[in-house]
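**Q** Sharing a structure with you now.
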Amino acid sequence: HRRRRLSSYPRRLLSHEAQPVEMASEAAKVAVPEKVILKRRREEVWAAEKKQKVAAEKIKAAENTKVIYARAEQYAGEYEAQDKELVQLKREARMKGGFYVSPEAKLLFVVRIRGINAMHPKTKKILQLLRLRQIFNGVFLKVNKATINMLRRVEPYVAYGYPNLKSVRELIYKRGYGKLNKQRIPLANNKVIEEGLGK
């Protein structure tokens, strides 16, 4: 009698184990709502579009990097050639017992250092024309007769000098901003300039 009970026990166990499988198959037969299917398809389309966009941006970034490096090498070569030429001219002048006078600078950097107290209206107008409306505003100006004459009129209110390549580069990296979509955005990378200039 005991043997019969023991032999019948596994059969009952098997019958209990078969129930979850049947329930799972019934759950699989439940229809998925149409909205859920549409949402899944939409998300799949968006994911595919995003993947394509990321791939295109990577290709574009790689091309831009090549162009930037090539341009940087070209500029570096030009600047190096200019420096070598300047050194050579100075050396030749010294050997002949003379002095080499460097060519006049073409660029000025002007900073306003004083406020509006006891300022003549004409001086105020010149500062507005130079875009120096506030104290510590700075602008790059092209060197010509008109610019020099205006600077002489406002000399007590400004400080100016002739910047070199290194100082211009450092100034733009540190304080350079661009206006994009009416927002003041720092020039941290070339993307801002590309979006602003469309190049």
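**Q** Residue check: is residue 88 modelled with pLDDT of 90 or more, polar (S, T, N, Q) and outside the structural domain of residue 153 (by the TED database)? Before you say what the answer is, go through the steps one by one.
**A** Values: modelled with pLDDT of 90 or more: yes; polar (S, T, N, Q): yes; outside the structural domain of residue 153 (by the TED database): yes.
So residue 88 fits the description; yes.
**Q** Filter region 114-155 down to the residues that are in contact with a Phe, Trp or Tyr (Cβ under 7 Å, 6 or more places away or on another chain) and part of a loop (DSSP other than H, G, I, E, B) and list them by number.
**A** If the condition is that a residue be in contact with a Phe, Trp or Tyr (Cβ under 7 Å, 6 or more places away or on another chain) and part of a loop (DSSP other than H, G, I, E, B), then 114 is the only one that fits.
**Q** What are the pairs, 6+ residues apart or on separate chains, where a residue within region 94-109 that is within 18 Å of residue 147 (Cα to Cα) and part of a loop (DSSP other than H, G, I, E, B) has its Cβ under 6 Å from a residue that is of a type in the set (Phe, Trp, Tyr) and modelled with pLDDT of 85 or more?
**A** 105/162
**Q** Something else about it: Somewhere in region 190-197, is a residue surrounded by 11 or more Cβ atoms within 10 Å (Cβ to Cβ), in the same structural domain as residue 122 (by the TED database) and closer than 30 Å to residue 116 by Cβ?
**A** No, region 190-197 has no match at all.
**Q** Just to be sure before I move on: is residue 59 touching a residue at least 40 places away in the same chain (Cβ under 8 Å) and either in contact with a Phe, Trp or Tyr (Cβ under 9 Å, 6 or more places away or on another chain) or within 17 Å of residue 190 (Cα to Cα) (or both) in the structure I sent?
**A** Details: touching a residue at least 40 places away in the same chain (Cβ under 8 Å): no; either in contact with a Phe, Trp or Tyr (Cβ under 9 Å, 6 or more places away or on another chain) or within 17 Å of residue 190 (Cα to Cα) (or both): yes.
Criteria not met by residue 59.
**Q** Can you pull out the residues in region 156-165 that are assigned to a helix (DSSP H, G or I) and either surrounded by 11 or more Cβ atoms within 10 Å (Cβ to Cβ) or at pLDDT below 90 (or both)? Don't jump to the end; show me each part of the working.
**A** Looking only at region 156-165, we keep the residues that are assigned to a helix (DSSP H, G or I), and these are 156-157, 165.
Matches in region 156-165: 157, 165.
**Q** So which residues in region 155-175 are touching a strand residue (DSSP E or B) at 6+ places or on another chain (Cβ under 9 Å) and within 24 Å of residue 144 (Cβ to Cβ)? Let's see the steps before the verdict.
**A** In the first step, residues of region 155-175 are kept if they are touching a strand residue (DSSP E or B) at 6+ places or on another chain (Cβ under 9 Å); the result is 157-163, 167-168, 171, 175.
Across region 155-175, the qualifying residues are 157, 158, 159, 160, 161, 162, 163, 167, 168, 171.
**Q** State all residues of region 166-199 that are in a strand (DSSP E or B) and either of a type in the set (Asp, Glu) or farther than 17 Å from residue 131 by Cβ (or both); if no residue qualifies, say none. Walk me through how you get there before you give the answer.
**A** First pass over region 166-199, keeping only residues in a strand (DSSP E or B): 177-180, 183-186.
Across region 166-199, the qualifying residues are 180, 183, 185, 186.
**Q** Which numbered condition in (1) touching a helix residue (DSSP H, G or I) at 6+ places or on another chain (Cβ under 8 Å); (2) surrounded by 14 or more Cβ atoms within 10 Å (Cβ to Cβ); (3) modelled with pLDDT of 90 or more is the only one that residue 139 fails?
**A** All conditions pass for residue 139, except number (1).
The values are calculated or read from the model by the stated rules, or taken from the named source; none is laboratory data. Just so we're clear, the structure is a prediction, and the values are computed from it rather than from any experiment. FYI the Cβ positions are ideal-geometry reconstructions off the backbone, even for glycines, and counts take in every protein chain you see.
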